[in-house]
Structure formats: structure tokens, C-alpha cells
Amino acid sequence: MDVSRVRRLVKRLLVVGIAAALLAGCGFPGGLSLPVMLGPTPTTTSSLPHPTAEPPPAKTLIVCLRQEPTSLYLYADTNREADAVLAAIYDGPVDLRGFQYRPVILKKMPSLKDGDARLESVAVSTGDVYLNPATQQPANLKTGLPYLPSGCQSPDCQQKYAGGQVQMDRMQVEFTLLPGLRWSDGEPLTAADSVYSFTLDGDKDTPSTKYLVDRTASYEAVDQATVRWTGIAGFLDSEYDANFWSPLPQHALLQFTAAQLPAADEAARKPIGWGPYIIKEWQPGREIMLVKNPAYFRAAEGLPAFDVLLYRFVGPDVKAGIQQLLTGECDVLDESVLTASSGGVGLQPDTLKSLMDLQQAGKLKVASAAGFLVERLDFGLASKDPQRLSLFGDIRTRRGIAACIDRKQLADGIYAGLAQAAQSFVPPGHPLLDSSLAPASYDPAAGKELLTQAGWQPSPDGTGTRTAAGVKGVPDGTLLSFSLTVGDNGLGQATAEAIAGQLGQCGIQVKVAPLPAAQITEPWPAGPVFGRAFDAVAWAWPALATVPCEMFQGGEIASTANRYGVNASGFEDASYDKACQQVLLGLPDTDAYVQAASSVQQIVADQIPAIPLLVRPRLAAYAKTVCGVDPDPTTASVLWDLERFQPGDACKGG
């Protein structure tokens, strides 16, 4: 997996939209055919003088995707299906597994403890590029701007630049490749290929975000196997161990300019890699055929187990995809099929239940893992319209609503028991999850009492909608009724409808308002959510290696001056902002960093600008004749280790 690409994706989501966009896609009704077994052409033995032993048929694995990859170029705007195919072409270079970076073609992950990552003090003067700690953006140093002096990793010790030369810290990190790596065409894979990839990423004609490039002072090959990344002054990156650019074969691509590469077949349709498979044929709209890579660095381990890999495109109908798994037209259904959220039929609660019933009946297998997307209900606390009522200004109202939501019922009823109730906006299994937190207890009686204390009086018969009587900032007689914005997809909309039913039992009227994901994620001022023109929204946000505290940070409230702010709720809390700054400025594995990561979670749990609901699962379904499918919470694709998928007898007992 190209971790740097995933990091850029997540940073982009934190700038322009929600993680629900990760699960959105457009339908593609690709054609299907029966499985192709690549073996010898049948021949009658009577025409031969002596019987000839035929080679065994090739072992073929058929993976079904929702639609055709838009491109396989690392710096193109690709879809999730591309990640599934890239898992076969490349292996690594680094995997983000279980919320931590793991080496694949590197000897080890660099660390400050081992010395292959380090801080160094450098002199910085007027006009030099550095990271502004207030905006978290690269800037040219000038009088009056804040900076972190050398040795400072907290907003408590930042200073204002008054001119002259000052000392700041910057990071240097070295990455070393495994020996003997080769591209699938036999050419050596070297550190220079990673530097070439960095150069392409930084080119103005490359359609990629420049998040990490803009924070890089230099990226250079130290020798054939080692590259060194140096950050700009003041950028103390908590994910420094991921700052390795996925190599690209300069010997094959140097003939193209950066502007030409997105359209070049050598980059977008038939790239060469170092992974377990090589693309042999791409039939547009139908399938992609790959064969074993003889130069694969793990070939001596007998990997991959399948000789031929076929990716087929089954379209947006989840039920049709499941049927093709049952009939043998697919061996594995990728999560792009199972979690389709728009542009087609989409996965509905009854379909997911049917899938689990088929597993119970022994017809197929389902592999799942708690993922990195935490679904939340965010309150609109600071509308841009001063005439819009703030129904949720009293914390007792927010706490009462939280107590009236049964998260376990949502996880079990909507997701057939595959989802988990969320403890925090940080997913389970994350090393920075504050384990002392627990989901707010489902206690409708307590919730009703809190609502009454806040001034929301029950209807005379106790079954209707509550009305305001002394609610701060709300005219008496106002109904406790609000709109819940949600994406127009199967499971998300079903979750919102279930929440509406639960809250109705507490005298709260909820009107579910489904919208296309693109409309929900539209930035300030036109977007209904980031434009702060909503009551409440149910959506999902990612948390990968770090804690995404920006989404409740005061400085991230969207406005004309900050069009791409990601704090949609409008929540502001000085203690939260200080702790979040510590997370953004500090280095991992320090007590201050861990404490700050815990503090932001505790403040959100206490103040409730949002209610964590559940953690969406990663899913794959597969035939009984395949084993080794092992979804991970944070990999780019559930097929991250498809080289280890096994056929036939290897599945016994597994």
C-alpha cells in the first residue's frame, strides 16, 4: 500500500469533506463471464503416438469489484477498486495495519529511539519556509508570526518572531530498502526510484495533493538502498515513519512528462511493480487478468499461491454480486461491492442479514474487522444564520439525546452484529484510544429527565413531541424537533431512521433528510453542513495512525476567512484547542502527546458536540474454496495480503 498516498487522502478529507466519501462510488454495470481456467487445449490422445502428460491447470483466483478502476497511476484521483488492484501490483512499500505502520520492502520502520529518525536544530531567518504552529501550514517566516523555538513541542512555549536568526527543530528520517528488490521486468528497484516518485508528486502538472511535498525540505538518495527525508523547520511530524514515497520505475516512465503520465498506459493501465502479480491483459468494462510475477521478492516462500488473478466488475447491485459468489463466477467479493453507498442498489440491512445467513448455512464465508470509520451524530451548535434556533445549546439536551440512543441496537440491528458501538471518535484497537471511556449508557429514563431539566417538557399524554418551557435561547412552545442530515445510502440512511425511532420514544421528533455525499461535503458557504446550515448530521470520519482532533478545533470552524475548515459543529472549547494543538505539534510516544490525545477524547465525551455511534466494519465475502482472507482496520484494501490467499485443500480447518 502506498501509505503516503493514503495520508494525503485523509488530509484532503480533513480539508474538503467527510470520510463517507471513502465509501461512495458510481455504478458500473460491467459484463460478466464464467470463470476462465487457463489450461491446455483438450487434445484427443488417439492422434498422438504416445500419451503425453498434460500440465495441471493454472490455479485462478477471481476477485469481483464493484466497478472498473479509474486509473492505476499512484498520483491520479483513483477509486477504491484501484486500491484492490494495486495490492496485487505492489506489496507495500509500507502497510498501515492495526493503526500502525509496518515495513514491507523496507528493512524496518525508522524511529527516534533507534536513531534513523532524529531532530536537529537549524537556523531560520526572515523569508525562510517553516511550519506556522498556529495554522499548521507552511509559511515564510516574517515579523509577528508564531514559531516553535528549538526544544519546544507545545503551544505553551511558542514565540513570536521579532526578526534576525532563530533556532528551530526539524526532522530527518532515513529509510532503507530490503536487498535484491527488482521490478517485475527484472530491473533493480533502488532508492532513486523513490526519489523519482517524490519528484513526480511535487510536479505542478501532477494531479496530487501537495500536503507532504510542501512540508519537505529535501528528499534524497543516500545510496542505492537508502533515502533521507528532511522536513521543513518546525514540522515535527507524528507520522514521520510514513514519509517514504512509493517507488515508481524511472527506467520505464522517464520518457513521459508529469503532465503526460496520468494518460499513459504505462502508468495508468499497465504499470509495472514489485508485487506478487503482473498485469497481462485489461479488457475494458469486463476484467483485468494478472499472472504471477517471477521477480516477486517473496516468490521463494511459494507466494502467491494462485497462478492467475482475475478482477471482474459486477456493478452496483449487491445482491447480484452475492449471487455470482454463490454460482462460482466470483471467488472473493471485495468491500467495494459489499459497502457500496451510492450510485446503485447499495447494501441494505436485510441484504447484510441474508449474507450472514448464507454464511451460517455454509454457502459462503464472511470476513470482517472493526474499521477506521467512526459514525457520529454531530450537533449544529453555531449556525451561520443568527435567526436559526440553537436547540442544542444546553449540554443537558445533548446528554439527554445521547442517553436515548441505543448504540448496541444500531450495531446489531442495522449491521447484523458486525459493527461495534463506538467509545470515542477514535476507533477500537487504536493505540491512542482512551480506554477509560465507555459509550454513553442507553438509559431512556435518565435521558427524559435530563431533557425535562433543560426545559423540554413532555406532552400532556407523554407520547408526543416535547415543547420548550424555559429552554435558554429557545422561545417557549417550540417543539423539540430537528432535521437529521445523512448520506443517501442504504446502511447510513437505515441508521438515521433507527435513531429517529429511538429518539421518538423520548419525545424528540427527528426528520431524516438524506442528501448525496457530494452535497453534504460541499465546503463553506454553500454546503449545508460545512456551511453551518444544519440541525444535526450523521456521518463517518476516519481515524488512522493519529487522532483527528482538528474536526472539533475552534480554529477549524468554517467561515469566509477559513473556507475549508472541518469543524462543522461550531464547537469551541479553550481546553480542547490547547490539547489538540499539543497533538498536532508534539511527537508520538511522549507523555505529553499521549495525555493530549486522551484529553481531546475526554472533552468531547463530556461536552458532547457529537455522539459517537458505531464503528463501521471492513467486509469481504468469499467462497468456501478460498482461505486466508483477513481484513484489517486500516489497510487501503481488504485484499492487502492477497498473495497469501490459498486455494483448495489449504482451506481445511481454516
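The values are calculated or read from the model by the stated rules, or taken from the named source; none is laboratory data. Every value quoted in this text rests on a predicted model; they were computed, and no experiment measured them. Glycine also receives a Cβ, built like all others from the backbone with ideal geometry; neighbour counts cover every protein chain displayed. Note: accessible area is taken over every heavy atom of the protein model, side chains too, but ligands, DNA and RNA are not part of it. Shrake-Rupley method; radii C 1.70, N 1.55, O 1.52, S 1.80 Å.
In the set (1) of a type in the set (Gly, Ala, Ser); (2) under 19 Å from ILE608 (Cα atoms); (3) touching a residue at least 24 places away in the same chain (Cβ under 8 Å); (4) touching a helix residue (DSSP H, G or I) at 6+ places or on another chain (Cβ under 7 Å), the condition left unmet by ALA517 is number (2).
The strands (runs of 3 or more DSSP E) located wholly in the stretch 127-185 that include 3 or more residues which are open to solvent by 40 Å² or more (accessible area, probe 1.4 Å) occupy 137-140, 166-176. In the stretch 291-320, which residues are in contact with a strand residue (DSSP E or B) (Cβ under 8 Å, 6 or more places away or on another chain), open to solvent by 20 Å² or more (accessible area, probe 1.4 Å) and assigned to a loop (DSSP other than H, G, I, E, B)? Passing the criteria: PHE297, ASP307. Taking first residues from the stretch 439-454 that are within 8 Å of GLY400 (Cα to Cα) and partners that are of a type in the set (Lys, Arg), the Cβ contacts under 8 Å between residues at least 6 apart in sequence or on separate chains come to GLY447/ARG399; LEU450/ARG396; LEU450/ARG399; LEU451/ARG396; LEU451/ARG466. Total residues in the stretch 368-414 satisfying the condition of being over 22 Å from the mean Cα position of the chain (by Cα), buried (at least 17 other Cβ atoms within 10 Å of the Cβ) and among the hydroxyl-bearing types (Ser, Thr, Tyr): the figure is 2.
In this structure, does VAL222 turn out to be aliphatic (A, V, I, L, M) and open to solvent by less than 50 Å² (accessible area, probe 1.4 Å)? Spelling it out, it is not the case that VAL222 is aliphatic (A, V, I, L, M) and open to solvent by less than 50 Å² (accessible area, probe 1.4 Å).
Here THR143 meets the list (1) touching a residue at least 60 places away in the same chain (Cβ under 8 Å); (2) among the hydroxyl-bearing types (Ser, Thr, Tyr); (3) in contact with a Phe, Trp or Tyr (Cβ under 8 Å, 6 or more places away or on another chain) almost entirely, failing just condition (1). The residue list GLY490, GLY447, GLY507 contains one member that is surrounded by 22 or more Cβ atoms within 10 Å (Cβ to Cβ) and closer than 15 Å to ASP394 by Cα, which is GLY447.
For the stretch 287-295, indicate whether the set of residues that are touching a Lys or Arg at 6+ places or on another chain (Cβ under 8 Å), over 29 Å from SER197 (Cα atoms), in contact (Cβ under 8 Å) with a residue 24 or more places away in the chain and among the small types (Gly, Ala, Ser) is non-empty. Among the residues of the stretch 287-295, not one is touching a Lys or Arg at 6+ places or on another chain (Cβ under 8 Å), over 29 Å from SER197 (Cα atoms), in contact (Cβ under 8 Å) with a residue 24 or more places away in the chain and among the small types (Gly, Ala, Ser), which makes the answer no. Out of THR625, THR590, THR560, one residue alone is open to solvent by 30 Å² or more (accessible area, probe 1.4 Å), closer than 30 Å to PRO647 by Cα, of a type outside the set (Phe, Trp, Tyr) and more than 19 Å from the chain's Cα centre (by Cα). It is THR625.
Applying the selection to the stretch 186-201, what residues are assigned to a loop (DSSP other than H, G, I, E, B) and open to solvent by 70 Å² or more (accessible area, probe 1.4 Å)? Passing the criteria: only GLU187.
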